[in-house]
Amino acid sequence: MLTGSEAANVYLACGATDMRKSIDGLAAIVTHAFDLNPFEGASLFVFCNKGRNKLKILRWENNGFWLYYRRLERGRFRWPQSPSGEPMTVSRRQLAWLLDGLSIEQLQAHKPLATRVAS
């Protein structure tokens, strides 16, 4: 599915998107509202509904679009809001957090170490 590191850019459409939109409608949002190219193969464009229990991911690959759809039976996605309507760029790791029901702004994690000597 979305495994691997083929997608270099992940864009979240902050706020709510009408989930009745399919590939053409979502590609139009990417083109006109975000001023981005939906045919950029290294990008994922992620959209969420008002209830935050459904999301769609649009991706171009070689000669056609992929449209991934996820509906939660219980719970909600921790979806960011933005009054500006601009898309938010996140990492693949942050996208995985969102898909797992976590916030993209994790407050705790292991701190990176600068040491290079094993003890």
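The values are calculated or read from the model by the stated rules, or taken from the named source; none is laboratory data. Note that the structure is predicted; figures quoted are calculated from it, not measured. Counting neighbours? That spans all protein chains shown, and the Cβs are built from the backbone with ideal geometry, glycine included.
In the set (1) of a type in the set (Val, Ile, Thr); (2) surrounded by fewer than 16 Cβ atoms within 10 Å (Cβ to Cβ); (3) within 13 Å of the chain's Cα centre (by Cα), the condition left unmet by Thr31 is number (3). One residue alone among Gln81, Gln106, Gln94 is modelled with pLDDT under 95 and buried (at least 17 other Cβ atoms within 10 Å of the Cβ), and that residue is Gln94. When Ser103 is tested against (1) out of contact with any Phe, Trp or Tyr (no Cβ under 8 Å at 6 or more places or on another chain); (2) farther than 17 Å from Ile29 by Cα; (3) of a type in the set (Ser, Thr, Tyr), exactly one condition is not met: (1).
Pairs are defined by a Cβ separation below 9 Å, a sequence spacing of at least 6 or placement on different chains, a first member in region 21-34 that is without any contact (Cβ under 8 Å) to a residue 24 or more places away in the chain and β-branched (Val, Ile, Thr), and a second member that is surrounded by fewer than 13 Cβ atoms within 10 Å (Cβ to Cβ) and outside any helix (DSSP H, G or I); the pairs so defined are Thr31/Asn37.
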